[in-house]
Amino acid sequence: MKRVGTVLRRCNFIGQIALGLIAVLILSGVAWAADTSSENPIIVPPDPEQATSQAERIIQRQTAYKVEMPTVPTSKVVSKCSQAQSAVSKVSTQDEVVYSTRLATYDQLAHQIADDITELKAQGVSNTDLSNAAAKYYKDVDTFLTDHSNYKAAIDDLGTINCAADPAGFEATVFDARKLRAQLAIDSSTIKSNIGPLQTALQTVKTQLENSGDQ
């Protein structure tokens, strides 16, 4: 009975406090230091800048967006290179602050969920809805990390491309960065949508524990 009460308190903590707080933090952009007590369920994707050269990435973008990307006169692209690269430097710094904040928040929640699922299973408490909700959350965060890695590579490339020598490559990279930035906003919204199912699943587990404690 004492052990069930301990698990119930843990479930109450994550269900009533942690998830509510994390939902607010995700929405507001505030974060705290991540707990690394459990194995990280989030998969960190390989760094595109380590796996490929800038030249390879530029060719990939030009090939991917050959049909989709609008045609811009070379002279127009070159005339805006310097201004664009200066703006990219500022955007990069701002984006990394936002990214670090979100990643710390996402990572903290992932560890908390993993820790509690492990603890609950150790006590013989299993809930498919919670496991499924957690798996979807982890997958959505993985997608965000992958898209961000590609976005960061595009932004970094924009700051160092010789625009005058390769205006087409520069324009393809600008197009890629814009698409990925928009996709990251979608990814973040998708991650936020996981809060409700997680809370519902945790409430179910809480009820299970309460019923078990009453027996």
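Here are the numbers for this structure:
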read-out: Whether region 126-191 is rounded, prolate or oblate, judged on the alpha carbon gyration tensor where a/c under 1.5 counts as rounded; value: prolate
read-out: Nitroxide proxy distance, nm - points 7 Å out along Cα→Cβ at residue 90 and residue 210; value: 5.3
read-out: Relative packing of peptides 108-118, 92-102 - highest average C-beta neighbours within 10 Å first; value: 108-118, 92-102
read-out: Gyration tensor (alpha-carbon) shape descriptor, region 27-156, a/c threshold 1.5; value: prolate
read-out: Pair-distance profile P(r), taking every C-alpha pair of region 153-193, with 5 angstrom steps and integer %; value: 5, 24, 24, 15, 12, 9, 6, 4, 1
read-out: Links that overshoot a 18 Å alpha carbon limit, given the list 90/192; 139/206; 66/90; 90/152; value: 90/192; 139/206; 66/90
read-out: Gyration tensor (alpha-carbon) shape descriptor, region 49-116, a/c threshold 1.5; value: prolate
read-out: FRET efficiency for residue 131 and residue 49, using Cβ-Cβ distance with R0 set to 35 Å, rounded to 0.05; value: 0.50
read-out: Rg over Rh, two decimals, region 104-215 (C-alpha only, Kirkwood Rh); value: 1.24
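Throughout, read-outs are computed from the coordinates displayed, never taken from laboratory work. As the structure is a prediction and not an experimental result, all values here were calculated from the model. Virtual Cβ from ideal backbone geometry, glycine too; neighbours counted across all protein chains shown.
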